[in-house]
Each structure stands twice: as structure tokens, then as C-alpha cells.
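Here is the structure we will look at.
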Amino acid sequence: MSTGDWSDMENDAVVASYFSMLSDELSGRAYNKAAQNRLLQERTGRSRGSIEFKLCNVSAAVQGLALPEIRGYKPRFNFQMSLAEAAARWLAQHPEWEQALYRSRPREIAEPQPLFVGIAPTLRNAPPPDELEQMQRVARRFDVVGRDARNRALGYAGEERVYHHERAHLAQHGRSDLVKEVRWVSKEDGDGAGYDIRSFTLEGRERLIEVKTTNGWERTPFHISQNELEVSQERREDWCLFRLYDFARTPRAFELRPPLEAHVSLTATSFLASFTDRTEQ
């Protein structure tokens, strides 16, 4: 029976098995965890218990990579970075998997019901500091923020879901007169407005909604542009950030209202280089 540190080959095998099971779970297909465990025992020479524990480590790693985890494999932290690297390798070799993730959910035929909008993450409901730091370290190492931002299919699907959520919410509360006034601004006019959806409160006041979507957990970091920040400050009473997470499984949400600095830490990740006279600034 093998013991000691897991090799890259062993990590690759357990990660491939994990993503196979995760794909089945998200698609509603039946799969057999015990059978997968036996196959991994044969391939790695590891014990059943060791493989079960490692699969829980993979759950923690994919959470850090802003992906859903398999139910039943509760994330176990303090995993080696080589395991997250194995997961990143698998994703790089299967780029179509993540692009199509949101399609794993059955699409609603009728206009969807409103989303449940819960409580935003706070320091009081934060996980233990060592677990949070490991998730943040994985997120930085593998640029999960940039990956979410570049996944146009994910962003489009998230905006579509919020657009229908706003319409359904207004209709459900007797404001059918406002339903037809809700606009998907980023789709109709393109990016640049500083928000994606123009909706309304039940009292008829404008709601300018910037949508940020991830397949990861609620604390997955996200990009926000300088323009979005400026609009949030200029239209402070009307603007909000609508965060969708766990999107591939059962989309959940929370809202953040300006000033954003009251809720999140804003970190400069890029700078604009321009040919201007520094004395003019």
C-alpha cells in the first residue's frame, strides 16, 4: 500500500476521477463513488480511506478555483498546492468543460422565478482564517478572477438570469407596468454604462445593477472596472452590485451597495500607462 506524498501522476488520476463525477452530478447523471474509489486504488495503490480524504482535498482545491464541488466530499483544507496545480492542468486540457458549465443546469422554459437574495459575506460569517487564506492563495495563483471575467458565456448567462429575476420580482409584486421597462443594458447598448441591467424598485425608483457571476463560492473575488466604481459613486442611491455564485448548480445571490469599500477590499491589479506630462497630473 502506497504511503507518503502524492505524485503528480497520482494527483492527476484523482483529479480526473473527481471531474468525471462532478460532471455527472451537475448533469443529473447517476455515478458510483465506490466504483471510482476502487479504480483509483488500482491505479495508485492507495487505501480506500486515503483516496476518500484526497477527494475531499480536491473539493477544497476546486472551491479555491471558483468551481462547484461534489456533494458528499466535504472540503478538507491544508492541501498541497500541487493538487490545485493538477486541477488547473485538467482544466487547461479540457477548456470546453468550464465554458459549458452553466449549461449543465436544465434551462427554464418559462420565465424563471425570482432568485433568493441572501446575506453578503462578512467578517462575522467568515471561515477560519487559515482556510480563507488558502482559498485566496489559490485564487491569486491561478487568476480565478480573470478566468471568470473572460468566460463570456458565464457572464452572459448570469446577466440573463438577473434580468429575468428583476422582471419576475416586479410582476410578483403587482408592478407589471414596470416589467416591460426593465432593460438589459449591456446586451442592448454594449458595455460602458457602468451597469448591466436597468430595473426598478417597487416604488418605481431606478435600480442600476452590475452583475458579477461565478461558479465558485460566495467569497470568490471578482473584477470591477474603474468605470463601474465611478458610476457606483455618482449614482450611489440607485446602483448595486448583484453577486451570483454557485451558478452551475443552484444560483444563489447577494447584493452590495455603495460604497463598495464598506464590504470588500479593493486592490489595484493593473495600471494604465499613458504618454502624458506627469507635471500636469
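Every read-out reported here was derived from the displayed coordinates using simple, explicitly stated rules and does not represent laboratory data. None of the values given here were measured: they were computed from a predicted structure. Neighbour counts run over all protein chains shown; Cβ positions are idealised from the backbone, glycine included.
Secondary-structure-derived ellipticity at 222 nm for the chain, considering helices only, amounts to -13500 deg cm²/dmol, per-run term -39500 (n - 2.57) for DSSP H runs with n ≥ 4.
Take every pair of alpha-carbon atoms less than 8 Å apart whose residues are at least six positions apart; their mean separation over the length of segment 144-193 yields a relative contact order of 24 percent.
Here 179, 211, 58 are placed in order of increasing Cβ neighbour count within 10 Å, fewest first, which gives 179, 211, 58. Roughly speaking, what % of Cα-Cα pairs in segment 1-81 are separated by over 14 Å, rounded to a whole number? Considering segment 1-81, 60 percent of its Cα-Cα pairs are separated by more than 14 Å. Both radii are taken from the alpha-carbon atoms of segment 170-246; with Rh as the Kirkwood radius, Rg/Rh is 1.00.
Of the residues 198, 43, 249, which exhibits the maximal mean-square fluctuation in a Gaussian network model of the chain defined by a 10 Å Cα contact cut-off? Among 198, 43, 249, the largest mean-square fluctuation in the Gaussian network model of the chain belongs to 43.
Extents of segment 134-262, taken as max minus min of Cα coordinates on every principal axis and listed largest first, are 48, 33, 27 Å.
Is the shape of segment 2-145 best called rounded, prolate or oblate, per the rule: a/c under 1.5 gives rounded, else a/b larger than b/c gives prolate, else oblate, with a ≥ b ≥ c the square roots of the Cα gyration tensor eigenvalues? In terms of gyration-tensor shape, oblate. Working note: Debye formula, equal point scatterers on the alpha-carbon atoms of segment 199-281, no solvent; log10 I(q)/I(0) at q = 0.14, 0.16 Å⁻¹ is -0.60, -0.74. The relative contact order of the chain comes to 17 percent, based on Cα pairs under 8 Å that sit 6 or more residues apart.
Taking every lysine pair in the chain that is 8 or more places apart or spans two chains, those with Cα atoms closer than 16 Å amount to 4. Shown is the FRET efficiency for residue 117 and residue 89, computed with R0 = 22 Å from the Cβ-Cβ distance and rounded to the nearest 0.05: 0.05. Once backbone amide H atoms are built at 1.01 Å from N, residue 67 has 217 as its partners under 5 Å, excluding neighbours fewer than 5 places away on the same chain.
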